[in-house]
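The values are calculated or read from the model by the stated rules, or taken from the named source; none is laboratory data. From a predicted model like this one, the values you see are computed outputs, not experimental measurements. Positions of Cβ are generated from backbone atoms using ideal geometry, with glycine treated the same way; all protein chains shown enter the neighbour counts. For the accessible areas, the whole protein counts, side chains as well, though only heavy atoms, and no ligand, DNA or RNA atoms are used. Shrake-Rupley method; radii C 1.70, N 1.55, O 1.52, S 1.80 Å.
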Amino acid sequence: MLAGLACVDCVVVFDADTPLDLIRRLRPDVLVKGADYSREQIVGADEVEGWGGRVVRVPLVPGLSTSELLRRLRGRAP
């Protein structure tokens, strides 16, 4: 679904503990995380800002989380 968005250039699945190596290799212009992460908790933020990119923290929307989506897809009641 993410890859189908016009504003998304690339979606990569990874199995490392953190995306730091991937971030360093891809050098994204924008790194996006949920607002439940503080700036200090965002892995790769220093690197992205260091090469002129930006880090964006998006607000959480009640009922529209990944966890909520998975719960609905699995057919579990709230």
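Summarising the label geometry, the points placed 7 Å from Cα in the beta-carbon direction at residue 64 and residue 36 lie 1.6 nm from one another.
Under a Gaussian network description of the chain, with springs only between Cα atoms under 10 Å, the residue in 30, 58, 11 that fluctuates furthest is 11. The apolar share of the surface of region 4-78, taken as the fraction of accessible area on carbon and sulfur atoms (1.4 Å probe, ligands and nucleic acids excluded), comes to 53 percent. Distance between the 7 Å Cα→Cβ label points at residue 9 and residue 22: 1.6 nm.
Can you work out the accessible area per residue across the chain, with the rest of the protein chains kept in place, probe 1.4 Å, in square angstrom? List each step's numbers first, then the result.
Working: 6490 Å² over 78 residues.
That works out to 83 Å² per residue.
GNM on the chain, alpha-carbon springs under 10 angstrom: the most fluctuating residue among 35, 45, 16 is 16. When the Debye formula is applied to the Cα atoms of the chain, each taken as the same point scatterer, what base-10 log of I(q)/I(0) results at q = 0.21 Å⁻¹? Each listed q maps to, in turn, -1.13.
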